[in-house]
Amino acid sequence: MDKKNALRVGALAAGTTLMMLLMSSPALALTRDDGDDPGSGLSVIETLGLYVFLPLVIFGVITGLVMVLDKSKIRVEKPGAVKTKAKAGANA
């Protein structure tokens, strides 16, 4: 990618991001809607547990299940790989 195309892509990405930020209006979140009933806030520990530790635990469980339940015992060798074991009885 040359410099001109890189600048064009960067400008497009920046423009798209700016438009998305301008189109979303967080100022409307300050006014309460009819029927709005927010609950109590989360503590720092609850927030970290919910948004950091819980996804890491779920990722670890899924990874562990995939590794334990992997039935494929066939390992594919690359075409150019050199085997280091010498045949028994072969003389050089």
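The values are calculated or read from the model by the stated rules, or taken from the named source; none is laboratory data. Just so it is clear, the model here is predicted, and its values are computed rather than measured. As a convention, Cβ positions derive from the backbone with ideal geometry for all residues, glycine included, and neighbour counts pool all protein chains shown.
General remarks:
- Filter pass, Leu48 being surrounded by 10 or more Cβ atoms within 10 Å (Cβ to Cβ), among the aliphatic types (A, V, I, L, M) and either in contact with a Pro (Cβ under 9 Å, 6 or more places away or on another chain) or at pLDDT 80 or above (or both): yes
- When Val76, Val68, Val61 are screened for being at pLDDT 95 or above and aliphatic (A, V, I, L, M), only Val61 passes.
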